[in-house]
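Novice: Below are the structure tokens for one structure; questions will follow.
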Amino acid sequence: MARLSHVQHQLKENGAILVLAPGDDFRYVADWSPHADERLTFFLINERAAQLVVPSVNAEDAREHMLPGVAIREFSDQEGPIAALREALTAMANGTETLYVSDDARFDHGQVLFGLAADHHRLALASTLMGPVRMVKDDEEIRCLKASQAINDLAMQAAFSAIRDGMTELALQDVIRRAYQEYGADREAFIIVAAGANSALPHHASDDTVIHPGPVLLDIGCFKDGYASDMTRVAYLGTPDPEFRTIHAIVREAANAGVARAQVGAVAETVDAAARHVIDSHGYGQYFVHRLGHGIGLSVHEPPSIMEGNQLALPERAFFSVEPGIYLPARFGVRLEDVVMLTESGAQILSALPLDIHVVAG
């Protein structure tokens with residue numbers, strides 16, 4: 001209930017209604033999110049009340065899990081959601097002008113809502129309200145994020161130990177997946193295993209590429225108690241060549257510069273700039289092709305975005321990735337990534353694993 005009350009306080013200041021579809025914003029407020037399918041489900045919140053519009057097929061589940069005091073309006077497949085949603089909007093109306101609409105809403109569900117509300121409300125994305133709320137983690141969220149990263153560290157170490165000449169990316173991916181199960185993760189978030197030239201593709205989809213002497217980039221994350229982890233390290237089967245060591249050293253210098261700049265009150269784009277300057281100064285700026293980082297929590301990617309143009313002053317207890325990279329097309333890539341938590345004394349790195357090249361004897 002504390003999170004609902006906090007959101008309602010924000011809505012009071014804005015004089016607005018928040019409309020959440022199933023997803024992580026919904027889960028953040030209610031500590032539960034219903035099944036998402038083609039049937040409309042909306043959680044409506046204003047400064048004084050909350051209502052759930054839900055299909056009857058999911059109504060019993062909602063009554064079991066929803067926060068106390070939330071009115072539930074259900075509709076059958078035959079009736080459709082329009083009447084129930086209209087009643088909910090009418091009940092919530094209090095001279096409000098803004099509807100903050102869930103970023104997770106399906107387009108067709110949004111059309112139903114807009115058809116009922118467009119003449120009476122200004123529309124805005126829910127993330128503009130929920131992003132700042134979710135960005136500052138509470139003690140329980142911090143515990144969950146640290147626990148998730150501890151499992152991720154163990155899974156990365158399992159991957160390092162398993163790398164062998166002749167195994168496929170998918171086989172190594174499966175090692176990581178089994179490690180998540182063994183060490184108590186809820187589930188995997190993503191597992192990128194990119195060997196050889198595939199490491200130059202930032203979002204390579206692991207496949208049956210065979211691992212041979214050369215680089216192996218590992219970008220992995222899991223969920224624990226609903227919260228995500230994320231990290232990237234590089235291994236090398238055999239003796240790393242001088243160019244690879246040089247690129248790795250530059251990326252590591254950039255990562256350290258980004259972490260050093262990550263302070264409470266620092267503007268997000270300046271953290272990106274600190275890391276990017278290092279790579280630019282070595283002549284590889286064109287090969288750093290993405291933002292420096294992203295927030296993490298219930299979602300793998302959430303605010304804040306650590307990139308040029310983001311003027312946000314970073315708050316204490318914000319969690320985000322610092323992940324510079326250099327990608328040489330058709331040759332190899334190096335990315336090094338840690339999630340940090342902002343504290344009064346600076347950025348605290350969650351992972352205990354060093355950024356070193358993990359060399360595997362060939």
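The values are calculated or read from the model by the stated rules, or taken from the named source; none is laboratory data. Predicted model only: the values in this text are computed from it and were never measured. No Cβ is skipped: glycine too gets one built from the backbone with ideal geometry, and neighbour counts run over all protein chains shown.
Novice: Within the stretch 319-335, count every residue that is in a loop (DSSP other than H, G, I, E, B) and surrounded by 24 or more Cβ atoms within 10 Å (Cβ to Cβ). Give the derivation first.
Specialist: If we filter the stretch 319-335 for residues that are in a loop (DSSP other than H, G, I, E, B), which is where we start, we get 323-324, 329-331.
Still in the running and surrounded by 24 or more Cβ atoms within 10 Å (Cβ to Cβ): 323-324.
So the count comes out to 2.
Novice: I'd like to check something: does the stretch 207-215 contain any residue that is surrounded by fewer than 24 Cβ atoms within 10 Å (Cβ to Cβ), small (Gly, Ala, Ser) and either out of contact with any His (no Cβ under 7 Å at 6 or more places or on another chain) or assigned to a helix (DSSP H, G or I) (or both)?
Specialist: Checked the stretch 207-215: at least one residue is surrounded by fewer than 24 Cβ atoms within 10 Å (Cβ to Cβ), small (Gly, Ala, Ser) and either out of contact with any His (no Cβ under 7 Å at 6 or more places or on another chain) or assigned to a helix (DSSP H, G or I) (or both).
Novice: While we're here: Surrounded by 17 or more Cβ atoms within 10 Å (Cβ to Cβ) and in the same structural domain as Ile306 (by TED's automatic domain parsing): does that describe Phe190? First the steps, then the outcome.
Specialist: Values: surrounded by 17 or more Cβ atoms within 10 Å (Cβ to Cβ): no; in the same structural domain as Ile306 (by TED's automatic domain parsing): yes.
When the stated conditions are applied, Phe190 does not pass them.
Novice: Tell me which of these His109 doesn't satisfy, since it passes every other one: (1) touching a Phe, Trp or Tyr at 6+ places or on another chain (Cβ under 7 Å); (2) crowded, with 17+ Cβ neighbours inside 10 Å; (3) outside the structural domain of Glu316 (by TED's automatic domain parsing).
Specialist: (1)
Novice: Mind checking which residues of the stretch 217-231 are on the phi < 0 side of the Ramachandran plot and either out of contact with any Gly (no Cβ under 8 Å at 6 or more places or on another chain) or surrounded by fewer than 23 Cβ atoms within 10 Å (Cβ to Cβ) (or both)? Walk me through how you get there before you give the answer.
Specialist: From the stretch 217-231, those on the phi < 0 side of the Ramachandran plot are 217-224, 227-231; that's our starting set.
Leu218, Asp219, Ile220, Gly221, Cys222, Phe223, listed by residue number.
Novice: Among the residues that make up the stretch 189-201, is at least one of them of a type outside the set (A, V, I, L, M, F, W, C), farther than 21 Å from Ser351 by Cα and in a loop (DSSP other than H, G, I, E, B)?
Specialist: No.
Novice: Which condition number in (1) under 27 Å from the mean Cα position of the chain (by Cα); (2) modelled with pLDDT under 95 is the one that His121 fails?
Specialist: (1) is the only condition that His121 fails.
Novice: Only one of these is without any contact (Cβ under 8 Å) to a residue 12 or more places away in the chain and either surrounded by fewer than 21 Cβ atoms within 10 Å (Cβ to Cβ) or aliphatic (A, V, I, L, M) (or both): Glu253, Glu243. Name it. Step through it out loud before you land on a result.
Specialist: On the way: Glu253 fails: without any contact (Cβ under 8 Å) to a residue 12 or more places away in the chain.
Unique residue meeting the criteria: Glu243.
Novice: A follow-up question, please. Specify which of the listed residues (Ala189, Ala185, Ala195) is out of contact with any helix residue (DSSP H, G or I) (no Cβ under 8 Å at 6 or more places or on another chain) and either at pLDDT 95 or above or acidic (Asp, Glu) (or both). Steps first, please.
Specialist: Values: Ala185 fails: out of contact with any helix residue (DSSP H, G or I) (no Cβ under 8 Å at 6 or more places or on another chain); Ala195 fails: out of contact with any helix residue (DSSP H, G or I) (no Cβ under 8 Å at 6 or more places or on another chain).
Going through Ala189, Ala185, Ala195 in turn, the sole match is Ala189.
Novice: Quickly run through the stretch 51-80 and pick out the residues that are within 31 Å of the chain's Cα centre (by Cα), surrounded by 17 or more Cβ atoms within 10 Å (Cβ to Cβ) and of a type in the set (A, V, I, L, M, F, W, C).
Specialist: Leu52, Val53, Val54, Ala59, Ala62, Met66, Val70
Novice: Let me ask something additional. Identify, by number, the condition in (1) of a type in the set (Gly, Ala, Ser); (2) surrounded by 16 or more Cβ atoms within 10 Å (Cβ to Cβ); (3) at pLDDT 95 or above that Ala83 doesn't meet.
Specialist: Checking Ala83 against (1) of a type in the set (Gly, Ala, Ser); (2) surrounded by 16 or more Cβ atoms within 10 Å (Cβ to Cβ); (3) at pLDDT 95 or above, the one that fails is (2).
Novice: Taking Arg48, is it exposed (fewer than 14 other Cβ atoms within 10 Å of the Cβ) and in a loop (DSSP other than H, G, I, E, B)? Walk me through it before giving the result.
Specialist: Working: exposed (fewer than 14 other Cβ atoms within 10 Å of the Cβ): yes; in a loop (DSSP other than H, G, I, E, B): yes.
Against the criterion (exposed (fewer than 14 other Cβ atoms within 10 Å of the Cβ) and in a loop (DSSP other than H, G, I, E, B)), Arg48 qualifies.
Novice: Can you name the number of the only condition in (1) assigned to a helix (DSSP H, G or I); (2) crowded, with 20+ Cβ neighbours inside 10 Å; (3) outside the structural domain of Phe223 (by TED's automatic domain parsing) that Leu145 fails?
Specialist: It is condition (3) that Leu145 fails.
Novice: Please go through the stretch 151-168 and give me each residue that is free of Cβ contacts under 8 Å to residues at least 12 places away in the same chain and crowded, with 16+ Cβ neighbours inside 10 Å, ordered by number. Explain how you work it out, then say what you get.
Specialist: Of all residues in the stretch 151-168, those free of Cβ contacts under 8 Å to residues at least 12 places away in the same chain come to 161.
Residues satisfying the conditions do not exist here.
Novice: So Phe223 fits all but one of (1) touching a Pro at 6+ places or on another chain (Cβ under 7 Å); (2) aromatic (Phe, Trp, Tyr); (3) outside any helix (DSSP H, G or I); what number is the exception?
Specialist: Of everything listed in (1) touching a Pro at 6+ places or on another chain (Cβ under 7 Å); (2) aromatic (Phe, Trp, Tyr); (3) outside any helix (DSSP H, G or I), Phe223 misses just condition (1).
Novice: Then there is this: Exactly one of these conditions fails for Ala171: (1) touching a strand residue (DSSP E or B) at 6+ places or on another chain (Cβ under 7 Å); (2) at pLDDT 95 or above; (3) surrounded by fewer than 21 Cβ atoms within 10 Å (Cβ to Cβ); (4) of a type outside the set (Lys, Arg). Give me its number.
Specialist: Of the numbered conditions (1) touching a strand residue (DSSP E or B) at 6+ places or on another chain (Cβ under 7 Å); (2) at pLDDT 95 or above; (3) surrounded by fewer than 21 Cβ atoms within 10 Å (Cβ to Cβ); (4) of a type outside the set (Lys, Arg), the odd one out for Ala171 is (1).
Novice: Output the residues belonging to the stretch 303-336 that are of a type outside the set (Lys, Arg), in contact with a Gly (Cβ under 8 Å, 6 or more places away or on another chain) and within 30 Å of Thr239 (Cα to Cα).
Specialist: Of everything in the stretch 303-336, those that are of a type outside the set (Lys, Arg), in contact with a Gly (Cβ under 8 Å, 6 or more places away or on another chain) and within 30 Å of Thr239 (Cα to Cα) turn out to be Ser321, Val322, Glu323, Pro324, Gly325, Ile326, Tyr327, Phe332, Gly333, Val334, Leu336.
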